[in-house]
Amino acid sequence: MRRAYFKNNWIAAALVLPQLLIIFVFFYWPTSQAVFWSLTFEQPWGGGNDWAGLHHFRELLSDSLYWQSVRVSLVYAAGTTVLGMGLALILALFVDRQLRGYRQYRVGMIWPYAVAAPAIGLAFRYIFNPTAGVMAYVNQVWDGIWDPILTGWHAMAMIVIAGAWKNIAYNFIFFLAGLQSIPRSLIEASAMDGSGVMRRMRDIQLPLLTPTFFFILVINITDSFTDSFGIVDTMTNGGPARATNLMVYKIYVDGFEGQNYSSAAAQSVILMVLVILLTFVQFRYIERRVHYS
Amino acid sequence: MTQAELPLATSEILPAPRRRTRRRRPGLVENTPWMNLATHAILISGLLLLLGPIYLVFAAATQTVQEVNQIPPNLSISSHFWENISEAWFSRDFQSKFINSAIVASGVVIGKIVIACITAFGIVFFDHRLRMPIFWLVFITLMLPLEVRIVPTYAVAANALSPFQAILDWTGVSWLINAVSGVELALEWNMLNTYTGLIMPLIATATGTFLYRQFFLTIPDELVEAAKMDGAGPLRFLRDVLVPLSATNMAALATIMFVSGWNQFLWPLLIITDPAHEVVAVELRSLIPNANTTGGGIPKWNVAMAASLLVMLPPIVVVVAMQRWFVRGLISTEK
C-alpha cells in the first residue's frame, strides 16, 4: 500500500475529470438510454415516449427472425472460436519449440493482428467470390458447387473463415505468452525422463495452458458477438436470406435502416447482458489464472 | 529531463536505466530430426495460411479488370500494380481519407495515452476516498463496447450536451432558469461529421488506465517523498519523473491504440456522412457495391484489392516495427 501521497485533491479531481466526463457522456448515458428506450415506445427523432414495459422484449423473443439471428450468431461464434483457437494453439505449440527461424515465424504469425476487419472482409469476399479468384477454379471443375451469394451456409462458412483468420494472430500471441510462462525446468525434467515432443505437449504444456485457454475462449466468444460487424458488413450484408444476419448486424440494420429504435435498443440490452455475463466469467478465470509459478 | 538534471534526492532513488538484454531461451537440445522437420512443415503451412490470402489480394491488385475477372481465373502476378494503386488512390480521393485516418489514429493514440496517464495518476498518487469507485467506473466500461450501445451513442454524438440537458430538465433546473431569466435553456454540441466526434468517444480507455495504474503502483514511495522533498508538486512529478519512466508503457499502448484507431469502422460509418471527413477503412465498403450480387458492371476487384492493400499497410508496418512493445503491451493490458 502506498504511504506517500500528494495533498492537493483539487488537482486529482481535475486530472480524473476528463475521462469521467467522457465515459459519462459516451458510455453510461447511452447505456442508460438503451435500457430506457427498450422499455418505452421510442419515436425516431424525439416525440413522446410511452411506457412499454417488457413489450419489446416479449416481441423479440417471439420473433422467429430474432431467434434466427441468435442462431447464426452462435454458429459464427462457435465456428470462429474453434477454428481460430485451434490453429493458433497448434502454431503456438510448435513455435514455442524455438527451433531455427523462431523469430521469423513469430513475426509471421503476429502481423495479421493489424489488418482491419473491413479489409479482411473485402479480401476474403474476393477470394471466395464464385466468379473471380480461387473459388472460380473450383466452380469450373465442379460446375457451380460454390456460391456464397445465393447459398446461406456458404456465406456463413465464408465469414467464419474470415473471422477466424482475423483472430489467429491475437490468440497466437496469448498462447505463446502462456507457453513461455511455463517453467523451463518442467519441460527439461520431462525430456530427461525420456518424453518426446508430443508427449510433453499433451501431458505438460496443454494442461498448464488451461487458464490461458479459458481466458482466450471467453475473449473470442465476446469478440465474435461484438467485433463481427466489419466482416459481415463488407462481406454479406447479413444475406443471403439473413443467413449471416448476426445479432450485432441486426441491431445496426433495425436501428439505423429500419429506424426501429425501441427494438434495436432491446436487442442492444440483450447483447449487453450477454457481454457482461461473459466478462464476469472471464474475471473469475483471471482470478484463478496463476496456479503454477 | 535526463537523470543528471534532476535535483539530488530524486536522482539518487531513480532506478538505473535497465540494460537491454535479449532474453532468448534456447530450445531444448534434442536430436529429433523428423519431429523438427514436421515442426517446420506445420509452421510453414501456418505461414502460408496467413500469407496466402494476402498473396491472392496482391496478385489481383496487379491485374487488369479483364484479367481479374477472366475465366479460367488467373492467379499469377501481372504488371498493372501501380495503375491500380493510383486508380484507387485518385478515383477514391484516398489522399484526404488517408489524412483523415491518420488524424483519427493519432488523435486516438495521443488522447488515450494522456487520458489513461492522468486518470491513473489521479487515482494512484492522491489519497481520497473516490480512488476505487473512479477506477471501477472506468473499468466497467470494458463491458460496454460500442456495438451494444450504438443507437443511443449516435444520438449523443448528434448532441454531446444532451445528457446534461436531460438532467437539467429532469431536475427542474431548466425550468428554474427559464422562470428566473426567461432564457430557454438549450444546450447543443453537434459532433456528427467532425474530427472531435470521431476521436472523443474513443479516447476513454479502461485498458490503458488499468495498464498505467499497474505501472504507477510499482513506483516506490521513496520516489514520491524525494520529489516532494525537492519541492516538486504533483504535476512536476508527473511530467519529469513518471512520464519518462513510463516510456515503454507508452510505446506499447501507442502501438495497440494506433491499430485500433486506424481500423475503426462502425463508429466513423455512423457519424460521418460528409466525404471530407471520411476515413479509409469505411471507404473500402463502397468499392464493390452490392454484396449480394456482383452489381451491374464488371466488379473492379483489381482496384478494390489495391485499395485494401493500401488500408492494411500502415498498421502492419507499425505492428511489425514495434513488435516487442506491442506484444508486451497487448498481454499486459488484457490480463
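The values are calculated or read from the model by the stated rules, or taken from the named source; none is laboratory data. Keep in mind the model is a prediction, meaning the values are calculated, not measured. Every residue, glycine as well, gets a Cβ built from its backbone with ideal geometry; the counts of neighbours run over all protein chains shown.
Answer with yes or no whether residue A:148 is of a type outside the set (Gly, Ala, Ser), surrounded by 17 or more Cβ atoms within 10 Å (Cβ to Cβ), more than 9 Å from chain B (Cβ to nearest Cβ) and over 19 Å from residue A:82 (Cβ atoms). It is true that residue A:148 is of a type outside the set (Gly, Ala, Ser), surrounded by 17 or more Cβ atoms within 10 Å (Cβ to Cβ), more than 9 Å from chain B (Cβ to nearest Cβ) and over 19 Å from residue A:82 (Cβ atoms). Considering only residues of the stretch B:272-287 that are in a helix (DSSP H, G or I) and buried (at least 20 other Cβ atoms within 10 Å of the Cβ), which is farthest from the other protein chains (Cβ to nearest Cβ)? For the stretch B:272-287, the residue satisfying everything is B:277. Residues in the stretch A:111-121 that are in contact with a Lys or Arg (Cβ under 8 Å, 6 or more places away or on another chain) and facing another protein chain (nearest Cβ under 7 Å) were compared, and the one that is nearest to residue B:324 (Cα to Cα) is A:112.
Do we have residue A:132 as within 30 Å of residue B:328 (Cβ to Cβ) and either at the interface with chain B (Cβ under 7 Å from one of its Cβ atoms) or of a type in the set (D, E, K, R) (or both) here? The answer is no for residue A:132. Between B:223, B:211, B:242, the distinction of being within 9 Å of chain A (Cβ to nearest Cβ) and either charged (D, E, K, R) or assigned to a helix (DSSP H, G or I) (or both) belongs to B:223 only.
Residues in the stretch B:318-332 that are surrounded by fewer than 21 Cβ atoms within 10 Å (Cβ to Cβ), more than 8 Å from every other protein chain (Cβ to nearest Cβ) and part of a helix (DSSP H, G or I): 5 in all. For the stretch A:125-138, a residue qualifies if it is free of Cβ contacts under 8 Å to residues at least 40 places away in the same chain, part of a helix (DSSP H, G or I) and crowded, with 19+ Cβ neighbours inside 10 Å, and the qualifying residues are A:126, A:127, A:135, A:136. Might you check whether a residue that is under 30 Å from residue B:159 (Cα atoms) and at pLDDT below 90 occurs anywhere in the stretch B:285-294? Within the stretch B:285-294 (the criterion being under 30 Å from residue B:159 (Cα atoms) and at pLDDT below 90), the answer is yes, since at least one residue qualifies.
Scanning the stretch B:41-75 for residues that are at pLDDT below 90, over 15 Å from residue A:124 (Cα atoms) and either part of a helix (DSSP H, G or I) or more than 7 Å from chain A (Cβ to nearest Cβ) (or both) yields B:62, B:63, B:64, B:65, B:66, B:67, B:69, B:70, B:74. In the condition set (1) surrounded by fewer than 22 Cβ atoms within 10 Å (Cβ to Cβ); (2) modelled with pLDDT of 85 or more, residue B:184 is compliant with all but (2). Go through the stretch B:65-75 and give me each residue that's among the β-branched types (Val, Ile, Thr) and surrounded by 15 or more Cβ atoms within 10 Å (Cβ to Cβ). Those that are among the β-branched types (Val, Ile, Thr) and surrounded by 15 or more Cβ atoms within 10 Å (Cβ to Cβ): B:65, B:68. Here residue A:138 fulfils each of the conditions (1) over 20 Å from the mean Cα position of the chain (by Cα); (2) aliphatic (A, V, I, L, M); (3) more than 11 Å from every other protein chain (Cβ to nearest Cβ) apart from (3).
Within the option set B:233, B:208, being in contact with a Leu (Cβ under 6 Å, 6 or more places away or on another chain) and at pLDDT below 90 holds for one residue only, B:208. Listed by position, the helices (runs of 4 or more DSSP H) enclosed by the stretch A:181-293 that each have at least 3 residues that are buried (at least 19 other Cβ atoms within 10 Å of the Cβ) and either on the phi > 0 side of the Ramachandran plot or within 9 Å of chain B (Cβ to nearest Cβ) (or both) are A:210-226, A:229-235, A:247-252, A:261-287.
Scanning the stretch A:109-120 turns up one or more residues that are β-branched (Val, Ile, Thr) and outside any helix (DSSP H, G or I). Determine whether residue A:195 is under 23 Å from residue B:42 (Cβ atoms), among the small types (Gly, Ala, Ser) and modelled with pLDDT under 85. Here the answer is yes, as residue A:195 does meet what is asked.
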